[in-house]
């Protein structure tokens, strides 16, 4: 399949933000040739904007908002590195996509310097004063989910800025302060409210209860500002200037930190225990990336992702590995039928995928937690990806025609070891945004970044929102027998995550082939796995793979993207014993893949992301 011709762009001044890009945000309806109770979803749907993908030759940046993408593009065009561009993109996202990520949240970054893959952990940590009863009520039972989310209780120490600072010290080419200039300028001069931001503001039940957020995001009538309204955020511009001048200390120390703590501890009904010492003492970490082999269409790949506390790479690796022990690899992508747009996975393939996913999610609930607090099974996280272990697990999948769903999957015993922990009970997971970048210097990255729930804890401080990341811990610290849950709350601990920034390499040559990832709470695992499978097993380009209908499961029913699968597919799945729910599944996938002439980028039609490059 041929890619669109290489992109061309007008020559904008460095860090200038063209009016066309701003207007695109306000009425995001179609992509130019190239320019700038069913389970609740992490973020509401806001339309479908078909995209053709974007080709470039030297570098590319894919992000969830056109203005953020443009900031990264300007940095790359000025000679910056992939990490430089990621800093600029994240700072702009803090302003224009506050529902998903920002300086008040955390992030995982996977970086490739042409030779070595590195994993940077900027996940939030629990304050020193909390204990494992953080989310228990007076009756000793877990509180309702949103009783934990909204307010100060669930605010963890934000780590994204300090992590980016660490990565920039090692891989940056342009001065740190220069990278914050695009976001500072946009915050001062304003940006137009996009269709997506307006839609999410309108649907949110909690944000307007915070006075600072209500004044900024909503009119006096209580309605969100109309699409196209220019929002200015001088308070955030001031904070960003402090970060530009002082680095992460501008956020985590001094008057900004004092205001964060005052907001968290002073919440009238749901205060938290975050302290100044927690903020000042936060440490970003470098971890060993989690890489595993994968074979598809007679070619060997090396897939790299984040290790725990993220569960994404392990779960994706388990699903793909178990599928390779079934007849899934022999099943083609089904063609579209009347009433359903485009190709879609068949019922038989979806059955095999869903059963593999059930097994992976059972292991996820049993084993995955902060490695500084919880040891890996059998002494290594790779025990969960051992080929013999996955082959044995795959035997639990009913592969014969008409074989039934197992419904409830048991956790395995990697290395023959029985877990001492209790499995984590099912609870909601939310949020996030994804960035993929390749630069002209041979570097690449995949970064997934989050404030957790839509608009985080719904607490605004100096123009930015605080995360509610502690709700990614298990609300219940033990099971009925008193066995502790691995992912329970503990002081200084990082909660389990589903974020799955992913880099894929040709195993023989070591050449980078793709950077990809998605937001979507626990569904991140399925969205990213779908995209990898579409590219490497079904031969699609990254945009086509992103466009494929979404599917996945959390703890119960198989979820299928509404109006994207033939009725015969859902009927066949139900006949196999699957409970099926059809609903909006709003992924926000971004990806960049290598081509014969350079790079080809894709962005999710379900959100407002774009790709830019030269």
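For a test of the definition: using alpha carbon positions, the gyration tensor, and the 1.5 limit on a/c, classify segment 464-614 as rounded, prolate or oblate.
Oblate shape, in that a/c is at least 1.5 and b/c is the bigger or equal ratio.
Is the shape of segment 366-437 best called rounded, prolate or oblate, per the rule: a/c under 1.5 gives rounded, else a/b larger than b/c gives prolate, else oblate, with a ≥ b ≥ c the square roots of the Cα gyration tensor eigenvalues?
Oblate is the answer for segment 366-437, as a/c is 1.5 or above yet b/c matches or exceeds a/b.
Remind me, relative contact order of segment 429-556 in percent, using alpha carbon pairs under 8 angstrom and six or more residues apart?
21
Quick one: Kirkwood hydrodynamic radius for the chain, alpha-carbon pairs, angstrom, one decimal?
23.9
On the principal axes of its Cα set, how long, how wide and how thick is segment 52-97? Give whole Å, largest value first.
Cα spread of segment 52-97 along its principal axes, largest to smallest: 30, 27, 12 Å.
Please compute the Kirkwood hydrodynamic radius over segment 101-190, one decimal place, Å, based on all pairs of different Cα atoms.
16.2
Can you pull a Stokes-Einstein diffusion coefficient for segment 484-529 at 20 °C (1.002 mPa s), Rh from Kirkwood over Cα pairs, as a whole number of µm²/s?
Estimated via Stokes-Einstein, D reaches 165 µm²/s.
Nearest 500 deg cm²/dmol is fine: what mean residue ellipticity at 222 nm does the chain get from its DSSP H runs of n ≥ 4 alone, each adding -39,500 (n - 2.57), divided by its residue count?
The helix contribution divided over the chain gives -9000 deg cm²/dmol.
How many angstrom lie between the Cα centre of segment 482-497 and the Cα centre of segment 306-331?
A separation of 24 Å, based on Cα centres.
Rounded if a/c is under 1.5, else prolate if a/b is larger than b/c, else oblate: which is segment 168-218, with a ≥ b ≥ c the root eigenvalues of its Cα gyration tensor?
Judged from the Cα gyration tensor, segment 168-218 comes out prolate (a/c at least 1.5, a/b above b/c).
Evaluate the Kirkwood expression for the hydrodynamic radius of segment 229-370, namely the inverse of the mean inverse distance over all pairs of different C-alpha atoms, and round to one decimal in Å.
Kirkwood hydrodynamic radius for segment 229-370: 20.2 Å.
Could you work out how far the C-alpha centroid of segment 517-579 sits from that of segment 65-142, in angstrom?
26
Sorted by mean Cβ packing within 10 Å, highest first, what order do the peptides 371-377, 61-67 take?
Descending packing order for the listed peptides: 61-67, 371-377.
Taking every pair of alpha-carbon atoms in segment 132-173, give the share separated by more than 15 Å as a whole percent.
Value for segment 132-173 (Cα pairs over 15 Å): 59 percent.
By how many nm would the segment from residue 265 to residue 57 lengthen if fully extended, with 0.36 nm per residue of separation less the alpha-carbon distance?
So the chain would gain 69.8 nm between residue 265 and residue 57.
Enter the Cα centre distance for the pair segment 340-377 and segment 402-466, rounded to the nearest angstrom.
First find each Cα centre; the distance between them is then 12 Å.
Using the C-alpha atoms of segment 432-547, what convex hull volume per residue, in cubic angstrom, is computed?
Measuring per residue, one finds 195 Å³ for the Cα hull of segment 432-547.
Going from the alpha-carbon gyration tensor of segment 517-602, what semi-axes, largest first and in whole Å, does one get by taking the root of 5 times each eigenvalue?
They are 27, 14, 10 Å, listed largest first.
Please list 394-405, 289-300, 379-390 highest first by mean number of surrounding beta-carbon atoms within 10 Å per residue.
Packing order, densest peptide first, comes out as 379-390, 289-300, 394-405.
A short reminder: the numbers here are calculations on the coordinates, not readings from a lab. Bear in mind that the values here come from a model prediction, so they are computed numbers and not experimental data. No Cβ is skipped: glycine too gets one built from the backbone with ideal geometry, and neighbour counts run over all protein chains shown.
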